[in-house]
1. For the structure I just gave you, tell me whether C:Q285 is crowded, with 18+ Cβ neighbours inside 10 Å, under 13 Å from C:D2 (Cα atoms) and within 27 Å of the chain's Cα centre (by Cα).
2. So in region C:167-187, with the set limited to residues that are out of contact with any strand residue (DSSP E or B) (no Cβ under 8 Å at 6 or more places or on another chain) and part of a helix (DSSP H, G or I), which one is surrounded by the most Cβ atoms within 10 Å (Cβ to Cβ)?
3. Under 7 Å between Cβ atoms, which residue pairs at least 6 apart in sequence (or on different chains) link something in region C:188-206 that is more than 17 Å from C:A64 (Cβ to Cβ) and of a type in the set (S, T, N, Q) with a partner that is assigned to a loop (DSSP other than H, G, I, E, B) and open to solvent by less than 10 Å² (accessible area, probe 1.4 Å)?
4. Which residue is most open to solvent (accessible area, probe 1.4 Å), if the candidates are limited to region D:306-335 and must be within 14 Å of chain C (Cβ to nearest Cβ) and assigned to a strand (DSSP E or B)?
5. Is it true that C:M1 is modelled with pLDDT under 95 and over 21 Å from C:A209 (Cβ atoms)?
6. Within region C:18-34, which residues are closer than 28 Å to D:K229 by Cα and away from chain D (no Cβ under 11 Å)?
7. Have a look at C:A273, C:A261, C:A299 and point out the one that is at negative phi and open to solvent by less than 20 Å² (accessible area, probe 1.4 Å).
8. Does region D:49-71 hold any residues that are open to solvent by less than 20 Å² (accessible area, probe 1.4 Å) and among the small types (G, A, S), and which are they?
4 protein chains.
Amino acid sequence: MDFTSDNAAGAAPEILAALSRVNAGTEASYGNDAVTVGLVRRFSEVFEREVAVYPVVTGTAANALALAALTPPHGAVMCHELAHVHVDECGAPEMFSGGAKLVPLSGASARIEPAALEAALAALPAGVVHHVQPAALTLTQSTELGAVYTPDEIRALVEIARGRGLRVHMDGARFANALATLGLSPAEATWKAGIDIMSFGATKNGALAAEAVIVFDPALARDLAFRRKRAGHLLSKMRFVSAQLEAYLEDGLWLRLAAHANAMTGRLAAGLAALPDTTLHVEPQANEIFVRLQTNAIARLRKGGARFHPWPMPGDDAQARTVRLVTSFQSQQSEIDAFLTLAAG
Amino acid sequence: MDFTSDNAAGAAPEILAALSRVNAGTEASYGNDAVTVGLVRRFSEVFEREVAVYPVVTGTAANALALAALTPPHGAVMCHELAHVHVDECGAPEMFSGGAKLVPLSGASARIEPAALEAALAALPAGVVHHVQPAALTLTQSTELGAVYTPDEIRALVEIARGRGLRVHMDGARFANALATLGLSPAEATWKAGIDIMSFGATKNGALAAEAVIVFDPALARDLAFRRKRAGHLLSKMRFVSAQLEAYLEDGLWLRLAAHANAMTGRLAAGLAALPDTTLHVEPQANEIFVRLQTNAIARLRKGGARFHPWPMPGDDAQARTVRLVTSFQSQQSEIDAFLTLAAG
Amino acid sequence: MDFTSDNAAGAAPEILAALSRVNAGTEASYGNDAVTVGLVRRFSEVFEREVAVYPVVTGTAANALALAALTPPHGAVMCHELAHVHVDECGAPEMFSGGAKLVPLSGASARIEPAALEAALAALPAGVVHHVQPAALTLTQSTELGAVYTPDEIRALVEIARGRGLRVHMDGARFANALATLGLSPAEATWKAGIDIMSFGATKNGALAAEAVIVFDPALARDLAFRRKRAGHLLSKMRFVSAQLEAYLEDGLWLRLAAHANAMTGRLAAGLAALPDTTLHVEPQANEIFVRLQTNAIARLRKGGARFHPWPMPGDDAQARTVRLVTSFQSQQSEIDAFLTLAAG
Amino acid sequence: MDFTSDNAAGAAPEILAALSRVNAGTEASYGNDAVTVGLVRRFSEVFEREVAVYPVVTGTAANALALAALTPPHGAVMCHELAHVHVDECGAPEMFSGGAKLVPLSGASARIEPAALEAALAALPAGVVHHVQPAALTLTQSTELGAVYTPDEIRALVEIARGRGLRVHMDGARFANALATLGLSPAEATWKAGIDIMSFGATKNGALAAEAVIVFDPALARDLAFRRKRAGHLLSKMRFVSAQLEAYLEDGLWLRLAAHANAMTGRLAAGLAALPDTTLHVEPQANEIFVRLQTNAIARLRKGGARFHPWPMPGDDAQARTVRLVTSFQSQQSEIDAFLTLAAG
């Protein structure tokens, strides 16, 4: 009953097996290997257009590299106030961009509110030398609170952003979970909705350590190879990262794994909603639940061996506190049911 | 017959197996897992003192993080003119340090010449605000030309460096190869000779992607956790990097692998030295050979399927060119012998 | 009738004259001149303790240098959401600090609310590697809305800041105006209230281009000489900046100039308050007024030749809009009276 | 008899007077004033084409801003090994560019040797991700050793640079001195010879603190306004810098001042050359002399009140040491003659 995070899970067997499969013999290093070359083709098929692909080992690296490709040092990156890039990466976007500023925006369920974006852009008028200049918008899909943007919601934000000349990044640390919910093609969910560049996550959904910056606009890709090397993120034995991503995409494994994690969250959320005195803050659309539980239920759960993180929210008090529950590709139905039994008391 | 690089090799079976061994169940993420905690103890035993350990996935990351811990943005890092940090990392130390300057020094066999270090320090007097201020010295062990520093040679450089208040870093991308040659304890080869911090390499010697910043002086370690996270080098499923390092250190695997690679280089070098019209530029002391071969021998080797990189050196001409030959833990005696047969013509 | 800004004014005659006075002959360059050396003594007298002094030519430079001395790249600088460093310096603190994050805090009259500081600090817990680490607090005195902190208000914020190990910076672009209002000694208004380092402004109050970073804690000063040089802010003919500051401090000129500017604001504010349908948003305590005027009064003023900037505030509408009015050492009573006559209609 | 530096001099009376002339009344701030607007026109006339002009107060700022406009963080700036940007600016180009690398090149008289440029470019092949990518070439005119490039010498370097896609910067801290020697138009000496951007110096030649980045290629200018602000180099009362430059250009003052300084150097050099046992290292073509003098002559000069800096050069010994002698617009013929008399003994 470990619901602390999807990155507490190990690796999917198919992905672990891929490492052994590519291990034999010698290979060209630094991404010039056959596995990595093949991976670019695979991603281009998946996204139904030619894309540039930069595998890395963390979501923070993917995000920071992607944002640095979009913003000059005097630029501003518009993001949700809960965005991982703003709150949980210890300033990585600032480091990689040479000191750009992240502008936090409000919005329910960690979806950026279009009006908030418009207001923030208006406060940073173009060409006024005293202010940092808006250069990029970043969206998280699924969001930091487990919700999912529809393509129309994305398009509405993209339209505002493009009206000011911004490029748009998607933090897809949990992109598979969002896609499994949306039921759209990867293309529809990204570049067809206006995304220029994305961080494509696999680690939280079954890889050991594999993410990729996917660039839909080739003009943005030019410098990324140098930026990645310079940041220490070009692996010499790159085949071992590319092989994880290849296995992840093979035969739809990624979507199966995500669908399972989502289903586990769905079962857990349904069970919690049926309990008295619990509040789901956000409708769970991916693999995360933010729920306020009675403190005695929390105590009971911890005593029973359930693991999860507290997640303080306004409205919490001595009687009831919010916690985050995350399911993964590894989560078992029996764990969900055991948790619900404990929660019910 | 692939002698292009030791990172063209795959992973040692023992290290690959370790990934499966730590895969079961959930684990605390971001380095709070039991494997990583155990790894710190292991490294402390290996180095016979308490050390701080920061696993990462590339040597460039390890070097850039370590140097950034030693130098302010207005500092200078003294290094050999062939140093990987200066020539082959696309400016990573500059990025991580906020723009410090690398000062290239001369020296045979890619060992820094003490007189060159003294002269360079004299040219950057302390407290003169116009000049960047020497803050760190970095040595590569084994060197970029396959030589090995003795502890006395290191101590001589350390003494000069400390006289000006510099801290000393060792780039140990091939530290195991150097140690296998020196026959010293890890402690004798590093902190007992005056090293403050090192990049401990494993990738070139059998890991998939595993290096570690090892900090001998705890005062230097304070900020490294933040620097690593901020650079996108704190892996969420850290156990998969730590497990590689654990397996690498287990029962002396690392030294056995390195001794094999060195022995292969020794056999190859001996064979080449016996051929007419070949010049070994540097006495091979680790797992790299820099040798000038007749161009018709080079053509014959390539035709026969041997792979290696050209490595232009002063004195090369139309008749004879220098190439680099690198052996690894995977190299086979049969490959060496086949290569020598082809070279002999 | 130019109330656009105090930096629209020229230079005070005493300060302009000082440039000619130090022009004769040759002098040591880069701040080793007698004028600059004397200036350090003068500032030490003014602040009743030994201080380090780094003259520069802009407030942005002074602020960015001072903050960079307080925060590592992975640090956070707590500031008011209207702070000049956050809003009006195009990311200079981010550039100089290597990418630290500014955390905007709320508070009436552009004074930081202690509870807002506490909440923001609590959201960035010490030692959690995912979050930037609070390193500095910066206060603006007088504030961006023309109010003045009392020493007790400062001490309350300092106490919270120090409780988390932060150092405290004062942006004193209009420090003289604040001091003229407070009636305190410079020492009481700064280091005796807990300020570690300040940007001491003179440009807005009669200098051509002269500010200084004043360091009350010598331990913070060590690297500033290098940081200033590296940022291109060490002037070769430094005597021409130092002479401005010397003249500024001579015989209390700075406080006389500021008292005049404040008196002009007082007269203007009193006149405006007596008019119907005007709203002073903040009680003017220095040399700035933020006032909502009827739009027909605004039109009348502009037609009559008055110059000032619009300053949109919540509550503005088609009938009434907020403008900013700034007086300077040059402002004339006749201008004030003419403005009030026009405003009255 | 102060020959330490041309920045030990004060300001030319015409330039000092200009400050008073623009002081009256209020003016738009941050460079939107009439003086600055007029200055752009003036510079466009001087250079016979439309140029963008960014006044700043130090040569270090001008150089660092200009180079940052030419190179990405992973870029390399090719420069002479004695270049001020490399040796004397405490890493400012590294700071402003986000960590680009300066590549020092050899060449007599501090002129870059074309073969050295070609070799350095060949060592950093385009597109190889391990190496920083050459992005800019910077030349100093007059050079750090007081020599002057001819337009043909510049063109030869420009041709090599452009062949690799580099842009070319001129550090014109002593541009007026070079021009006075060359007898060319400013256009011929710069953009007509292939210069894309320059640092136009005035401080060493009679201004208090005034330099300008002049951009010949408008495409390069786009971001400079933000870069300057962000670096704290946009002065609020900009008219006081622009007025210095305006007066400097007025009626050819700049060239008259430089011609005088050069003539003083010429007289001094001729006198020194006539003395026994003195060696002029470089033919003085501007306002600097690098001369080896007998140590007893040096002692005699110092005793007689002459001031100058030692400038150690290879070949110096106990009998004879090299010193640098710099003349300025203020230097007097009587000082020269007194110096020569003392030197002659």
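1. On the way: crowded, with 18+ Cβ neighbours inside 10 Å: yes; under 13 Å from C:D2 (Cα atoms): no; within 27 Å of the chain's Cα centre (by Cα): yes.
When the stated conditions are applied, C:Q285 does not pass them.
2. Step by step, filter region C:167-187, then rank; the result is C:N177.
3. C:T190/C:F47; C:T190/C:F216
4. Of the residues in region D:306-335, the ones within 14 Å of chain C (Cβ to nearest Cβ) are D:306-309, D:324-332, D:335.
Adding the requirement that they be assigned to a strand (DSSP E or B) leaves D:307, D:309, D:324-326.
Values: D:R307: 113, D:H309: 81, D:R324: 28, D:L325: 1, D:V326: 2 Å².
By that ranking, first place goes to D:R307.
5. yes
6. Hits for region C:18-34 are C:A18, C:G31.
7. None of the other options fit; the residue is C:A261.
8. D:A61, D:A62, D:A64, D:A66, D:A68
The values are calculated or read from the model by the stated rules, or taken from the named source; none is laboratory data. Because the structure is a prediction, the values reported are computed rather than measured. Neighbour counts run over all protein chains shown; Cβ positions are idealised from the backbone, glycine included. Just the protein is used for accessible areas: all its heavy atoms, side chains included, with ligands, DNA and RNA removed. Shrake-Rupley method; radii C 1.70, N 1.55, O 1.52, S 1.80 Å.
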